[in-house]
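A.B. asks: Okay, here's the structure, questions in a sec.
The values are calculated or read from the model by the stated rules, or taken from the named source; none is laboratory data. Predicted model only: the values in this text are computed from it and were never measured. Don't worry about glycine lacking a Cβ; one is built from the backbone with ideal geometry, like all the others, and counts go over all protein chains shown.
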Amino acid sequence: MIIAPSLLAADFVRIAHETRRVEKAGADWLHLDIMDGHFVPNISFGPQLVKTIRPLTKMFFDVHLMCSQPDILLEPFANAGADQMNVHVELGEQVASLFMKIRSLGRKVGLAINPPTAMAAVQPYLDRIDELLIMTVNPGFGGQGFIHETLPKIQQASAWRRDLKLHFRIGVDGGITYATAPECARAGADAFISGTGLFTQRSLKGAVAKMRKLVVKNALANGTAPLPSMAAAVPAV
Ligand code: DX5
Ligand code: ZN
């Protein structure tokens, strides 16, 4: 089980302190949200910030590219110290070549899917990815409410992974809290990206431990969960 705090919810005035705090809290990955003001209606930060914090920690850097042209950003983020780069399936025919570029840079490959996009879109890529990142909010902002209609997509991903004997991680991203993480764990998720849900707790260490305990406990119920047929698209909200 991977617990991945999202740096977007950290205190940016004290970014070095916050980076070290995430590692000391016992988190597995640091999730880094890259927004370009075009693929999503917000701008976050770029490779320079990732490079700046890279020497502060040994944590696995999970870079989430919410960007229309990730091809021009893969090399800069690889050089800045990304361990895994997630690109969006909504980019269409670019996706296969983006994967090849990420692999050629020696990094792990993640594929992200937005709530309104049907799971059929990711199916052709499942044997080529290390992580399927199921967006449980519409990307662009932290602090949004979890979209429950995405839960069948997690179950679908879990069923495909089992049936095809694949090993990609199933990440969930957006609105992940003590209440929603267990639901995702029961559906088959095993990487939990959480910004507001973790950073608003008084002790980040306590919060990471609590979320880990909850998802481990609830994952045990996963094997008995009923499996739906292919999840339908979820309307945008
Ligand atoms: C949403 C980002 C998320 C975000 C999660 O666009 O991709 O990673 O940081 O934040 P919370 O947990 O606050 O929804
Ligand atoms: Zn993200």
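A.B. asks: Which condition number does LEU8 fail, the rest of (1) in a helix (DSSP H, G or I); (2) more than 16 Å from the chain's Cα centre (by Cα) being met?
C.D. replies: That leaves (2) as the condition not met.
A.B. asks: Another question, if that's okay. Identify, from the list ALA121, ALA179, the residue that is within 16 Å of ligand 1 (Cβ to nearest atom) and either at negative phi or modelled with pLDDT under 95 (or both). Outline the logic, then answer.
C.D. replies: On the way: ALA121 fails: within 16 Å of ligand 1 (Cβ to nearest atom).
Going through ALA121, ALA179 in turn, the sole match is ALA179.
A.B. asks: I'd like the full set of residues that are hydrophobic (A, V, I, L, M, F, W, C), surrounded by fewer than 21 Cβ atoms within 10 Å (Cβ to Cβ) and more than 20 Å from ALA159 (Cα to Cα), limited to the range 200-225. Spell out the reasoning first.
C.D. replies: Going through the range 200-225, the residues hydrophobic (A, V, I, L, M, F, W, C) turn out to be 204, 207-209, 211, 214-216, 219-221, 225.
Those still in the list that are surrounded by fewer than 21 Cβ atoms within 10 Å (Cβ to Cβ) too: 204, 209, 214, 216, 219-221, 225.
Correct list: LEU204, ALA209, LEU214.
A.B. asks: Within the range 23-47, restricting attention to residues that are closer than 30 Å to LYS210 by Cα, touching a residue at least 40 places away in the same chain (Cβ under 8 Å) and more than 16 Å from the chain's Cα centre (by Cα), which residue is nearest to ligand 2 (Cβ to nearest atom)?
C.D. replies: Per the stated criteria, the residue is ALA25.
A.B. asks: Out of the residues in the range 177-196 that are within 20 Å of ASP62 (Cα to Cα) and in a helix (DSSP H, G or I), state the one that is nearest to ligand 2 (Cβ to nearest atom).
C.D. replies: Filtering the range 177-196 for residues that are within 20 Å of ASP62 (Cα to Cα) and in a helix (DSSP H, G or I), the one nearest to ligand 2 (Cβ to nearest atom) comes out as THR196.
A.B. asks: Same structure, new question: Name the single residue, out of those in the range 57-73 being over 13 Å from HIS31 (Cβ atoms) and aliphatic (A, V, I, L, M), that is surrounded by the fewest Cβ atoms within 10 Å (Cβ to Cβ).
C.D. replies: Among them, the one singled out is ILE72.
A.B. asks: Suppose we filter PRO152, PRO124 for residues that are within 16 Å of GLY92 (Cα to Cα), surrounded by fewer than 20 Cβ atoms within 10 Å (Cβ to Cβ), away from ligand 2 (no atom under 16 Å from the Cβ) and not acidic (Asp, Glu); which single one remains?
C.D. replies: PRO124
A.B. asks: If only one of ASP190, ASP173 is modelled with pLDDT of 95 or more, surrounded by 18 or more Cβ atoms within 10 Å (Cβ to Cβ) and away from ligand 1 (no atom under 16 Å from the Cβ), which one is it?
C.D. replies: Details: ASP173 fails: away from ligand 1 (no atom under 16 Å from the Cβ).
Only one candidate qualifies: ASP190.
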